[in-house]
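Since the structure comes first, as structure tokens, the remarks are kept for the end.
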Amino acid sequence: MEQRTHKMTSERLVGRPTKIGPPEAEVVLKTTEEMAVDEYGLVHGGFTFGLADYTAMLAVNEPTVVLGKAEARFLKPVKAGEKLLAKARIVEDLGKKKIVQGEVLNEKGEKVFEGTFHCYVLEKHVLE
């Protein structure tokens, strides 16, 4: 399906879409040393969250979709150089509000993140 939202998002920072919704989306992100916070190569959780958030937006795939609230659980650390796969699915469609479940897996197929995203489709762009 054609990407209708978040079209200018950086592949380098939040990943490359491989499946676009609705009702599901998948995005792949190759983490880099630039994302690390220490000498061990621990990737900052904001990059993992950003990947999951972007994937949730693509599951909804409406031009004016925004995130209103999220519940997030970081389950395992991510090391720079790992390739991550995010998956998201709309689990509840309440019209302008969509509840999206998301998860991020590492190369071993282990879940490193899971979350629930409360997405809202606005009448016009949030900055208009």
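Mind listing which chymotrypsin sites (Phe, Trp or Tyr not before Pro) in the stretch 5-57 are in a DSSP loop and have 16 or fewer other Cβ atoms within 10 Å?
Of the chymotrypsin sites (Phe, Trp or Tyr not before Pro), the ones in loops of the stretch 5-57 whose Cβ has at most 16 other Cβ atoms within 10 Å are 40.
Sorted by accessible area (1.4 Å probe), largest first, how do 8, 35, 1 line up?
Per-residue accessible area, sorted high to low, gives 8, 1, 35.
Are there GluC sites (Glu not before Pro) in the stretch 1-55 that DSSP marks as loop and that have at most 16 other Cβ atoms within 10 Å, and which are they?
Those satisfying the criteria are 2, 39.
If I model a spin label at residue 13 and residue 73 as a point 7 Å from the Cα along the Cα→Cβ vector, what separation in nanometres do I get?
Computed distance between label sites residue 13 and residue 73 equals 2.9 nm.
List, in order, the whole-Hz ³J(HN,Hα) value for each residue of the stretch 13-28 obtained from phi through the Karplus relation with A = 6.51, B = -1.76, C = 1.60 and θ = phi - 60°; use x for Gly and Pro.
Each residue of the stretch 13-28 in turn: 9, 10, x, 10, x, 10, 8, 10, x, x, x, 10, 8, 9, 9, 10 Hz.
Where the accessible area of the chain is counted over protein heavy atoms with a 1.4 Å probe, how much of it, in %, is carbon and sulfur?
The C+S portion of the solvent-accessible surface of the chain is 52 percent.
Which value, in Å², gives the accessible area per residue of the chain when a 1.4 Å probe is used on the protein heavy atoms?
Heavy-atom SASA per residue in the chain reads 56 Å².
Residues with beta-carbon under 15 Å from that of residue 64, excluding residue 64: net charge, scoring Lys, Arg +1 and Asp, Glu -1?
+3
Compute the relative contact order of the stretch 27-83 as a whole-number percentage, counting only Cα pairs closer than 8 Å that sit 6 or more residues apart in sequence.
Computed value for the stretch 27-83: 56 percent relative contact order.
Excluding the sites themselves, what is the longest stretch of the chain that contains no trypsin sites (Lys or Arg not before Pro) in a DSSP loop with at most 15 other C-beta atoms within 10 Å?
Result for the longest clean stretch: 8-95.
The values are calculated or read from the model by the stated rules, or taken from the named source; none is laboratory data. A quick note: this is a predicted structure, and the numbers were derived from the prediction, not measured. So basically every Cβ, Gly included, is an ideal-geometry build from the backbone, and we count neighbours across all protein chains shown. Surface areas here come from the heavy atoms of the whole protein model, side chains and all, with no ligands, DNA or RNA. Shrake-Rupley method; radii C 1.70, N 1.55, O 1.52, S 1.80 Å.
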